[in-house]
1. Within region C:65-83, how many residues turn out to be assigned to a helix (DSSP H, G or I) and free of Cβ contacts under 8 Å to residues at least 24 places away in the same chain?
2. Going through region B:9-42 one residue at a time, which ones are facing chain C (nearest Cβ under 10 Å), over 23 Å from the mean Cα position of the chain (by Cα) and of a type in the set (A, V, I, L, M, F, W, C)?
3. Exactly one condition in (1) out of contact with any helix residue (DSSP H, G or I) (no Cβ under 7 Å at 6 or more places or on another chain); (2) under 19 Å from C:Pro13 (Cα atoms); (3) not hydroxyl-bearing (Ser, Thr, Tyr) is false for C:Val59; which is it?
4. If you check B:Phe276, B:Phe236, which single one turns out to be part of a helix (DSSP H, G or I), closer than 22 Å to B:Trp297 by Cβ and at pLDDT 85 or above?
5. Check whether at least one residue in region C:80-90 is within 7 Å of another protein chain (Cβ to nearest Cβ), under 30 Å from B:Thr142 (Cβ atoms), of a type outside the set (Phe, Trp, Tyr) and crowded, with 23+ Cβ neighbours inside 10 Å, and report yes or no.
6. Quick one: in region B:295-331, which of the residues that are at pLDDT 75 or above and more than 27 Å from B:Ala217 (Cα to Cα) is surrounded by the fewest Cβ atoms within 10 Å (Cβ to Cβ)?
7. Limited to region B:1-45, what total is found for residues that are in a helix (DSSP H, G or I) and farther than 26 Å from A:Phe77 by Cα?
Amino acid sequence: MSAFYLAAALFLLATILLGLIRVLRGPGSGDRMLAAQLFGTTGVTILLLLSMALGESALVDVALVFALLAVVAAVAFVRQHGLPEPPDTPVHRQHPEDRGPRDDR
Amino acid sequence: MSLLLVIFDLVLLAGIIGVAWRCLASTDLFRAVVLFITFGLLLALAWVRLEAPDIALAEAAIGAGITGALLLVTLERLRSIMAERHSGRPHTPPPDPSGPHALLRALHDPPPERHSFFPALIFALVVGSLLVTALWHQPQSTGLEPVVDAHMDVSGVDHPITAVLLNFRAYDTFLELAIVLIALLGAWSLGRHDLIPARPAPGPILPGTLRLLVPVAIVTGVYVLWAGSHAPGGAFQAGAILGAAGILLVLARPRQLPMAPGIPLRLGITAGVALFLLVGLYGLGAGHGFLGYADAWAYPLIILIEVAATLSIALTLVALFVAGRPAGDDA
Amino acid sequence: MNGLAELAHTLAPGLLYPTGGAILFAMGLYGLIRRHHLVLRILALNIMGSGVFMVLLGVAARGEGPPDPVAQALTLTGIVVAVSATAFALALVVHLTRLTGHAVMLPGPPDDDAPVEDISREEHHADGGPAAPHPDQDRNP
């Protein structure tokens, strides 16, 4: 059974490496950030699978901290870049004072 | 089983090295920062493979959480400074991506020039191959694990890393707390803090998420601190988790900073170093040497220091994130 | 069969990860020399530090039995010190940008004739001296 867990963890690791394409190519900063968030979720799963495969219960704590705190970077991103809506949506018009350079790198 | 583990190690290492390489080769700073966040995540997995769940805990809180937010906020600060400089001077030409005063300059780094390629490459290759050679020919040794194991019963705790940090090598930990404090003093010496640039909260999701997340993060931090006496966990990990929770709180209302009162904040920030120093001096006076404990008092003293150190580390990390003295006291 | 056992020994975590750590260190060094933006240089320093941590933990995990707790405790303090130093360095970069207008460190000797940026608008800079002219080639007329 632990071989199966390990194989699953390996597969998830491969999906992280595949998802790096989104980080590298973008095009928007939202795409990059979302890919990093996805890695956080995948990382939690890999940690839990490794915890089962290696028989280390302490890794569950690591997974818990991961699940809780991977969101910090996302919150920092959302607070500064806003949500990637088109410029004429009602939400955007409500805050005319807030027109920094739209981030679409 | 072991073949799968070897493949896992190889893929993980290849991923770590590849991510670090793309991060360093990136011309777009935002991309570099996202790659660095990914790098921290993969590192936590590597620490798990190296049988270091304590380090993985700290890396999960710091690498995936705090550093990412810190870098993102720094990029935004740089951008707003550049934008302000350009808007304040109407005679300057509008930002031109190829021009010398480009606004984009804040967040972009042009590819490095050609003439430094070979010297840097040769230097890095020489250093790297020397390191690899030294590591491959290192004599086999058991390290200090047997020594620590032999003295565990007088340490006061059941977790070897906590025993090393707060009893056997308490001196290192004391100085480490002092370094963290000095880093904060350095940041504060640069002036008062500036607001973290932020857009209005885009809807009810963010405040709702934070209302749920922050209490859970605080409970987790206290749990990790408590677990440290017998399992992976302890003051540094708990401090990092609570610091990340504090950063979430700061991010929730960046326009209303500062909320930090002067004196209690300063007391909290120095609590770890101060209490450590007091305990050390007490040990010196009682004849156990600096930072030595009487065996019976080891456990309560370690817990006391750990609580104070957790508080200090958490507050210091939040203060470093805000960067700058709290407003209202220019003494 | 003997060669396979040899290979398995070579690929043990205690040897594999220190090698990876050495590579990370060398890569960080390369990036530190080649890149000019200070934030990228800080990232390069962090990658070098992570390489050092990986070497330490990899060597600690060698051999039979549980890993060396002293090396792990050392790494734990190292990570916290690294994040504090990074935060301080980033605060310095923000301050430098506020004073000089850019966060890029270009090579070349400092140019004494370069005009000093007007820093009188920054009231928080009342106590320090004027910023030294930065070796920014682009600002020459």
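1. If we filter region C:65-83 for residues that are assigned to a helix (DSSP H, G or I), which is where we start, we get C:69-83.
Now drop any that are not free of Cβ contacts under 8 Å to residues at least 24 places away in the same chain, which leaves C:69-77, C:80-81, C:83.
Of the residues in that region, 12 qualify.
2. If the condition is that a residue be facing chain C (nearest Cβ under 10 Å), over 23 Å from the mean Cα position of the chain (by Cα) and of a type in the set (A, V, I, L, M, F, W, C), then B:Leu10, B:Ala14, B:Ala25 are the ones that fit.
3. (1)
4. Values: B:Phe236 fails: closer than 22 Å to B:Trp297 by Cβ.
Step by step, each of B:Phe276, B:Phe236 is checked, and only B:Phe276 is part of a helix (DSSP H, G or I), closer than 22 Å to B:Trp297 by Cβ and at pLDDT 85 or above.
5. Within region C:80-90, the first condition is being within 7 Å of another protein chain (Cβ to nearest Cβ), and the residues that meet it are C:80-81, C:83-88, C:90.
Adding the requirement that they be under 30 Å from B:Thr142 (Cβ atoms) leaves C:80-81.
Remaining after also requiring of a type outside the set (Phe, Trp, Tyr): C:80-81.
From what's left, crowded, with 23+ Cβ neighbours inside 10 Å: C:80.
Yes, the conditions are met somewhere in region C:80-90.
6. Among those that are at pLDDT 75 or above and more than 27 Å from B:Ala217 (Cα to Cα), it is B:Ala296.
7. So the first thing to find is which residues in region B:1-45 are in a helix (DSSP H, G or I), and the list is B:2-25, B:29-45.
Restricting the remaining residues to those that are farther than 26 Å from A:Phe77 by Cα gives B:2-14.
Count: 13.
Yes/no per residue for (1) without any contact (Cβ under 8 Å) to a residue 60 or more places away in the chain; (2) surrounded by fewer than 17 Cβ atoms within 10 Å (Cβ to Cβ); (3) within 9 Å of another protein chain (Cβ to nearest Cβ); (4) out of contact with any Cys (no Cβ under 7 Å at 6 or more places or on another chain):
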residue	(1), (2), (3), (4)
B:Leu131	yes, no, yes, yes
B:Gln140	yes, yes, yes, yes
B:Val148	yes, no, yes, yes
B:His159	no, no, yes, yes
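The values are calculated or read from the model by the stated rules, or taken from the named source; none is laboratory data. These numbers were taken from a predicted model, which means no experiment stands behind them. Because the Cβ atoms are built from the backbone with ideal geometry, glycine has one as well, and the counts that use them run over all protein chains shown.
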